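Report on one structure; see the data block that follows.
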Amino acid sequence: MEQQEMQEERRARNFVWAAAGHYGLEPLFLAYAPDGTADMYLNMIIGLSYKWYDAEKLETFFYMLGGRQEELYQGMLWIGLEQALYEKEKIHRPVLAELRQEYAQENLARYRVLKEYELIDQLRNGHCAEILGKSSGLSGRTEELLRELTFTGEMGIEQILAKMKEILWKYFSYEPKMIKKERGTYFLQKLLPAFHSIGKMHATYVKTKRYDDLSWEESGNGGTMEKARHYLLQFSRQGDEEKDRAYIEGCFGANIYTPMEQKLLEDEVCTENHKNSHLYITRGYPMEEPVTQTGSNTTVRHQEESTEREATDRGETASHTVEDIGQVFGSGAINKRESREIREFRENSKRQAEKNRQHYEKNRTVYENSIRRMTEKLRLELDARMDDVPVQARQGNIRASQVWRALYLEDPRVFEKREEVSDAGFSVDILIDASSSRKNSQEQIAAQAYILAKSLDLCGIPLQVYSYCSIRGYTVLRLFQSYGENRKAEEVFSYVAAGNNRDGLALRGAGHLMAQSEQEKKLLLVLTDGSPQDDQIAAEGAFYKNREYTDQIAVEDTTEQVQQLKRRNIQVVGIFMGTERGLQTAHRIFGRDFVRIQNIQQFAEVVGKILQEKIREM
């Protein structure tokens, strides 16, 4: 799939270059259709913007559009630019008329089933209707706003930008401000719903370094370009912490901590580069529960420990609407669009869990063989640690000093025999990257995690298993199995990939959970592709100021968190399955303590070997 993504990126660039007449141009935006393929018409529009307008002025203006409604403002500008660029180019490229008609038809067909839209959706749909010679279907100020966005081919870039400033001030009392951003040094998904914006599938403009850029390769920074089909990453961030928290709970399940416990946790771990972020730990929703929709409300039923209930109520079945979740935090109802997104994510998660199980069953022979071989390796190493100790028994060699117990206490255990008692003396945690970059490998990753968890369970080693992803400023740890919970390895089949991955904060969360282990020695296994990135900024700290958590800052922060865990006497091992670009990053993060998995057949051998080494070291 990585090769396919690179191929689509090249196609997108070729469309931009062909329209711009400038091959080798590094465009600020690339456009993709909802299925992840390069969108011909939209990339041609992007290319034409470079052909007809001053690129520096236009890009600078896009950087000036920020705030909570950044997506709306940028989307409105693209609607206006599309109209003006089409008028400029249609004489030179007659084929544009046909492509434009197809684009408008596809958009209207895609959104016809929806009953409510955000403002940008209304504007876009009205614009597409007019392209097809129909009425926009709008009224009032919305219709007036669309009329204002009808830029013409005669307008120059200065006129367009001046007009856009007037529109933003007139309708939104918003004034664009200059914000200095470095171009082309990080992966940043730009959400511009000017053309497509439905639920999980936004046609997305992606600002990215080119794959053949040597400075990127030499920097050692990994990364996987996120496409529009990557679920949940595209969900717009509202910037309202209480609503965001309700949204996260709707998608992933209740927090295991009370509000006070949550505050103490974040005071501990959400500092430095993560001081503006949140850590959310959940047991999730059981995958077998029903997910239904009644009217405009999404109803979810779940059985789990609830931090909002008294101990006597824990474990009972609860029924909540998404609106109820919002009210819990005093933030009011989650809107209809978010309700739909939550429902779709829950349904998608349930389907993915079933796919994970089906994949395992289809390859059961291979996977069970891997479990057997890994268990044998671990037991061989553990057997060497067994102690021969005396224990009290009802038969064996009599212990003269204990005979009185039989006479006065009627205790028959006055004999002694030698038994081999195995105590691992350490615990293991498994931390699984569940970001969108893992979406094409979910079944294989779930199987790998199950092999590990099952083998460790069979050897009686205390174990915790959890995954992580980052949404709306929250890094979510989904806890599948805790210490002392035997035979729960199957829970890992609920694994689903979504969103970004703020690895540094996830590692801090792992350190917090590992503190609950009664074992003095601890081992953390991280299943990763070596590509930490999050769309939320890294707070002012040891590295940079006001920068997205990507590229160098993300890699250096993740590396530092690994070192901090090691200073706490926690062994950290990376289990890497990814591309060549991520391989170099994994080297930087884990040093010598990582292994690369290229196929499932070698999983038990390679991972079993490094586990044996770490057991010896501990």
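The values are calculated or read from the model by the stated rules, or taken from the named source; none is laboratory data. Source: prediction; values computed, not measured. All Cβ positions, even for glycine, are placed from backbone atoms using ideal geometry, and neighbour counts span all protein chains on display. Only protein heavy atoms, including side chains, enter the accessible area calculation; ligands, DNA and RNA are left aside. Shrake-Rupley method; radii C 1.70, N 1.55, O 1.52, S 1.80 Å.
Residue count for the stretch 109-135, restricted to those that are in a helix (DSSP H, G or I), at pLDDT 85 or above and open to solvent by 30 Å² or more (accessible area, probe 1.4 Å): 3. Entry remark, the stretch 137-154: residues being farther than 11 Å from H127 by Cα and of a type in the set (K, R) number 1 in total.
The listed residues are E242, E268, and the only one of them that is in a helix (DSSP H, G or I), open to solvent by 10 Å² or more (accessible area, probe 1.4 Å) and at pLDDT below 90 turns out to be E242. Of note, Q392 does not satisfy the criterion of being at pLDDT 85 or above and not aromatic (F, W, Y). Flag not set for T185, criterion: at pLDDT 90 or above, among the polar types (S, T, N, Q) and part of a loop (DSSP other than H, G, I, E, B). Checked against (1) open to solvent by less than 20 Å² (accessible area, probe 1.4 Å); (2) at pLDDT 90 or above, G499 passes all but a single condition, namely (2). Collect the residues in the stretch 481-495 that are part of a loop (DSSP other than H, G, I, E, B), free of Cβ contacts under 8 Å to residues at least 40 places away in the same chain and either within 11 Å of D457 (Cβ to Cβ) or open to solvent by less than 50 Å² (accessible area, probe 1.4 Å) (or both), keeping them in residue-number order. If the condition is that a residue be part of a loop (DSSP other than H, G, I, E, B), free of Cβ contacts under 8 Å to residues at least 40 places away in the same chain and either within 11 Å of D457 (Cβ to Cβ) or open to solvent by less than 50 Å² (accessible area, probe 1.4 Å) (or both), then S482, E485, N486, R487, K488 are the ones that fit. Quick check on the stretch 19-39: of everything there that is open to solvent by 10 Å² or more (accessible area, probe 1.4 Å) and over 28 Å from the mean Cα position of the chain (by Cα), which residue is nearest to L85 (Cα to Cα)? Only one residue fits best here, namely A20.
To keep it simple, each residue is scored yes or no on (1) within 17 Å of A162 (Cα to Cα); (2) touching an Asp or Glu at 6+ places or on another chain (Cβ under 7 Å).
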position	(1), (2)
Y23	no, no
P34	no, no
A38	no, yes
L42	no, no
L77	yes, no
E87	no, no
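Yes/no matrix, rows are residues, columns are (1) in contact with a Ser or Thr (Cβ under 8 Å, 6 or more places away or on another chain); (2) of a type outside the set (D, E, K, R); (3) part of a loop (DSSP other than H, G, I, E, B); (4) over 21 Å from D121 (Cβ atoms):
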residue: R13; (1), (2), (3), (4): no, no, no, yes
residue: V16; (1), (2), (3), (4): no, yes, no, yes
residue: L28; (1), (2), (3), (4): no, yes, yes, yes
residue: N43; (1), (2), (3), (4): no, yes, no, yes
residue: Y50; (1), (2), (3), (4): no, yes, no, yes
residue: L58; (1), (2), (3), (4): yes, yes, no, yes
residue: F61; (1), (2), (3), (4): no, yes, no, yes
residue: G67; (1), (2), (3), (4): no, yes, yes, no
residue: Y73; (1), (2), (3), (4): no, yes, no, no
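Rundown of residues vs (1) modelled with pLDDT of 70 or more; (2) surrounded by fewer than 22 Cβ atoms within 10 Å (Cβ to Cβ), yes/no style:
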{"residue": "N363", "(1), (2)": "yes, yes"}
{"residue": "E381", "(1), (2)": "yes, yes"}
{"residue": "K417", "(1), (2)": "no, yes"}
{"residue": "S435", "(1), (2)": "yes, no"}
{"residue": "L479", "(1), (2)": "yes, yes"}
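Could you please let me know if E106 is among the acidic types (D, E), surrounded by 14 or more Cβ atoms within 10 Å (Cβ to Cβ) and in contact with a strand residue (DSSP E or B) (Cβ under 9 Å, 6 or more places away or on another chain)? No: the conditions fail for E106. Only a single item in (1) closer than 23 Å to V572 by Cα; (2) at pLDDT below 95; (3) among the polar types (S, T, N, Q) is not met by N440, and it is number (1). Determine if the stretch 325-336 includes at least one residue that is of a type in the set (V, I, T), modelled with pLDDT under 55 and within 30 Å of E249 (Cα to Cα). Yes: one or more hits.
Does I79 satisfy being of a type in the set (A, V, I, L, M) and modelled with pLDDT of 90 or more?
So I79 fits the description; yes.
Report yes if G578 is surrounded by 22 or more Cβ atoms within 10 Å (Cβ to Cβ), outside any helix (DSSP H, G or I), out of contact with any helix residue (DSSP H, G or I) (no Cβ under 7 Å at 6 or more places or on another chain) and touching a residue at least 12 places away in the same chain (Cβ under 8 Å), otherwise no. Against the criterion (surrounded by 22 or more Cβ atoms within 10 Å (Cβ to Cβ), outside any helix (DSSP H, G or I), out of contact with any helix residue (DSSP H, G or I) (no Cβ under 7 Å at 6 or more places or on another chain) and touching a residue at least 12 places away in the same chain (Cβ under 8 Å)), G578 qualifies.
Annotation: K165 fulfils all but one of (1) in contact (Cβ under 8 Å) with a residue 24 or more places away in the chain; (2) under 37 Å from the mean Cα position of the chain (by Cα); (3) open to solvent by 20 Å² or more (accessible area, probe 1.4 Å); the unmet one is (1). Of the residues making up the stretch 581-609, those that are under 20 Å from T375 (Cβ atoms), touching a strand residue (DSSP E or B) at 6+ places or on another chain (Cβ under 7 Å) and part of a helix (DSSP H, G or I) number 2. Close contacts from the stretch 434-459, counting a first residue that is more than 16 Å from F576 (Cα to Cα) and a second that is of a type in the set (S, T, Y) and at pLDDT below 95, with Cβ to Cβ under 6 Å and a gap of 6+ residues or different chains, come to S455/T375; L458/T375.
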